[in-house]
Structure formats: structure tokens, C-alpha cells
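Just below is one structure, and these are the notes that go with it.
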Amino acid sequence: MTNAGPGSHGGVRGPAFHGPSRAPTVAVMDVPNLPDNPQDDIEAYVGLARQDAEDQARERGWTTVRSLPPGAIITMEYLAGRLNFEVKDGEVHRTWQG
């Protein structure tokens with residue numbers, strides 16, 4: 001057997017792969033009950049000092065409170081019970097859930 005160069009399979013040939021014979025299926029699973037977010041007016045945090053906003057959010061039932069500077073690079077996965085603050089100069093400028 002000879003090597004024909006980069007990307008070569010050494011001259012070994014087999015049957016062509018044509019993919020699965022039918023579309024794959026996903027078994028039906030029970031979806032866990034996700035916790036609800038607290039019933040809260042999240043816009044009420046805008047204008048508050050960062051620490052005051054974080055303390056109030058935790059008192060109102062948010063399990064995770066995240067304070068970020070403007071333009072921070074973050075992951076966008078949704079996390080129930082999380083409240084995000086965009087904080088500039090120590091003050092909350094924007095809020096969003098998840």
C-alpha cells in the first residue's frame with residue numbers, strides 16, 4: 001500500500017456512507033418542573049445603587065443576582081431565578097431575567 005499524500009486514506013476503500021436510513025428520533029421525556037421567577041417589577045431596580053438593588057432582589061426571592069458592567073461579554077443561557085443588572089457608575093441602568 002502506498003501513501004498518496006495528505007488527506008489520503010492509503011488506498012483503502014470501503015462502501016460509501018449514505019447517512020442514516022431514516023430520520024433520528026428523540027424519546028419523549030418528562031421535562032422537570034422549572035422554578036418560576038419571583039413576581040417582581042424588575043424595572044423598579046433601575047436607578048438604585050448596585051448593592052441596594054442586589055439586596056432587594058435577594059429579599060424578593062431571586063436565587064441568583066448578577067451585576068455586570070455595560071458591554072460585558074456573557075453567556076446567554078437562560079437560568080430561571082436569575083436577575084441581571086447592568087451597572088454603570090454604581091447604579092443599575094438596565095435589568096433582565098434569566
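Here, each number is a calculation from the coordinates, and none is a lab measurement. The shown structure was predicted, so the numbers you read here are calculated from the model rather than taken from an experiment. All Cβ positions, glycine included, derive from the backbone under ideal geometry; neighbour counts span all protein chains shown.
Going 7 Å from the Cα of ASN37 in the Cα-to-Cβ direction, what parts of segment 67-98 have a backbone nitrogen less than 12 Å from that spot? In segment 67-98, the label zone of ASN37 (backbone N under 12 Å from the point 7 Å along Cα→Cβ) covers 78-85, 95-98. Of the chymotrypsin sites (Phe, Trp or Tyr not before Pro) in segment 43-96, which ones lie in a loop per DSSP and count no more than 10 other C-beta atoms within 10 Å? Qualifying residues, ordered by number: TYR78.
Rounded to whole numbers, the Karplus 3J(HN,Hα) couplings from phi for segment 45-51 are 7, 4, x, 7, 5, 3, 5 Hz, using 6.51 cos²θ - 1.76 cosθ + 1.60 with θ = phi - 60°, and x at Gly and Pro.
Calculated on the alpha-carbon coordinates, the convex hull of segment 42-97 measures out at 65 cubic angstrom per residue. On full extension, the segment bounded by ALA44 and HIS93 gains 16.6 nm, given 0.36 nm per residue less the C-alpha separation.
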